[in-house]
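Step one of this worksheet: look at the structure below.
The values are calculated or read from the model by the stated rules, or taken from the named source; none is laboratory data. This structure is a prediction, so every number in the text was calculated from the model and none was measured. Side chains included, ligands, DNA and RNA excluded: accessible areas come from the protein's heavy atoms. Shrake-Rupley method; radii C 1.70, N 1.55, O 1.52, S 1.80 Å.
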Amino acid sequence: MELEFTVTPSLTATMTSATPVAGRSHRPLATTMLPGGSTAAEKVTDEAAVPDVAATKCFVALSRFTVAHMTAEVKQAFRQRPHRVDSAAGFVRMEVLSPIDAPDEIWLMTYWQDEPSYRTWHHSHLYKESHQGIPKGMRLAPKSVSIRFFEHVAS
């Protein structure tokens with residue numbers, strides 16, 4: 001679905017509704033056509049207009065580890081990841097965080113509809129394949145790896 005309207009004589013805005021992937025809803029994007037033909041996109045913030053998947057109860061897996069060296073390469077690998085998990089049954093979303101005060105530490109949070117979906121993914125060949133993008137020679141700090149599980153209560 002696409003709606004177009006004029007904001008000012010020199011700006012044109014387009015509202016695009018993204019197609020859901022793997023049963024997940026996506027927020028529409030508002031795209032503004034700037035002078036010279038470039039565009040700027042923003043997520044629509046009208047919470048009533050789009051159902052929020054994150055508002056539902058779900059299972060969250062938090063993997064935490066510290067990279068001994070090659071931190072920049074590891075972060076780049078996450079930015080360029082092949083998105084294999086995105087098509088897994090029950091997958092909702094993934095976030096990769098790094099604390100400002102501990103930049104070598106990585107927090108990988110995956111959100112799932114339920115725990116069995118996570119467990120199925122974690123034991124699948126796609127899980128193993130998803131780790132092929134890890135930079136060669138990357139080492140983790142000793143005793144830095146942990147995984148915790150959470151119930152997502154609200155956003």
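Some points to look at:
- Probe 1.4 Å, all protein chains present, accessible-area order of F78, F65, F149, F91, largest first: F149, F78, F65, F91
- Accessible surface, per residue, of the range 95-143 when the full set of protein chains is kept, probe 1.4 Å, Å²: 69 Å²
- Our estimate of slack between T120 and K136, defined as 0.36 nm per intervening residue step minus the Cα-Cα distance, is 3.1 nm.
- Multiplying the residue separation of S87 and S144 by 0.36 nm and subtracting their alpha-carbon distance yields 17.6 nm.
- Given a 1.4 Å probe and the protein chains as shown, M94 ends up with an accessible area of around 40 Å².
- Taking the 1.4 Å solvent-accessible surface of the range 95-155 as the whole, the part contributed by carbon and sulfur is 59%.
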